[in-house]
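Enquirer: Shown below is the structure under consideration.
Here, each number is a calculation from the coordinates, and none is a lab measurement. Keep in mind that what you see is a predicted model, and the values were worked out from it rather than measured. All Cβ positions, even for glycine, are placed from backbone atoms using ideal geometry, and neighbour counts span all protein chains on display.
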Amino acid sequence: MPQQGRSKEGAYFTNEAIRQAQTTHLIPQGASIQKVQEGIELAALESIPGDQRINLFDILGEHVPPEVVNNLQAQVDQVGKSR
């Protein structure tokens, strides 16, 4: 029985992650999700000075497709900037 509870919880987090990815335009609104894999932590950075630019290609380049890194880089570059 605990497996079923974990499965429901996992499905909730998967659906929430997909919703957030669509909301932030990481994936298109009408995209059909074919497969979901458990995530892994690729990198963790803490205490980054506000004036330091984070180059996601250095961190994610060999693990993540370039178009995804480009999209994320554009979003990261906007963090802390007034809109």
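Enquirer: GluC sites (Glu not before Pro), restricted to region 39-82: which are DSSP loop and have at most 16 other Cβ atoms within 10 Å? Intermediate values should be presented prior to the final figure.
Expert: Values: sites: GLU41, GLU46, GLU62, GLU67; in loops: GLU41, GLU46, GLU62.
Those satisfying the criteria are GLU41, GLU46, GLU62.
Enquirer: Tell me, in nm to one decimal, what length is gained between LYS81 and GLN20 on full extension, where the rule is 0.36 nm per residue of separation less the Cα-Cα distance?
Expert: Working: separation 61, 0.36 × 61 = 21.96 nm, distance 2.10 nm.
That pair, LYS81 and GLN20, stretches by 19.9 nm at full extension.
Enquirer: In addition: Work from the charge dipole of the chain (Cβ charges, +1 for Lys and Arg, -1 for Asp and Glu, about the Cα centre) and give the residue of THR23, VAL36, ASN55 farthest towards its positive end.
Expert: THR23
Enquirer: Order of LEU42, LEU56 from fewest to most other C-beta atoms within 10 Å? Provide the component values of the computation, followed by the final result.
Expert: Numbers: LEU42 11, LEU56 21.
The order, fewest Cβ neighbours first, is LEU42, LEU56.
Enquirer: Provide the descending list of Cα extents for region 40-83 along its principal axes, expressed in whole angstroms.
Expert: Here the spans come out as 30, 22, 16 Å, largest first.
Enquirer: When the chain is fully extended, how far beyond the present Cα-Cα distance does ALA44 get from TYR12, taking 0.36 nm per residue of separation? Write down the numbers at each step before the final one.
Expert: Numbers: separation 32, 0.36 × 32 = 11.52 nm, distance 2.45 nm.
Here the segment from ALA44 to TYR12 would lengthen by 9.1 nm.
Enquirer: So what's the projected area for the chain, the Cα convex hull averaged over all directions, in nm²?
Expert: Projected over every direction and averaged, the Cα hull of the chain covers 7.6 nm².
Enquirer: If you don't mind, another one. Which value in deg cm²/dmol, rounded to the nearest 500, describes the helix-derived mean residue ellipticity at 222 nm for the chain, given -39,500 (n - 2.57) per DSSP H run of n ≥ 4 and division by the residue count? Write down the numbers at each step before the final one.
Expert: Values: 3 runs with 40 residues, N = 83.
Theoretical 222 nm ellipticity from helices: -15500 deg cm²/dmol.
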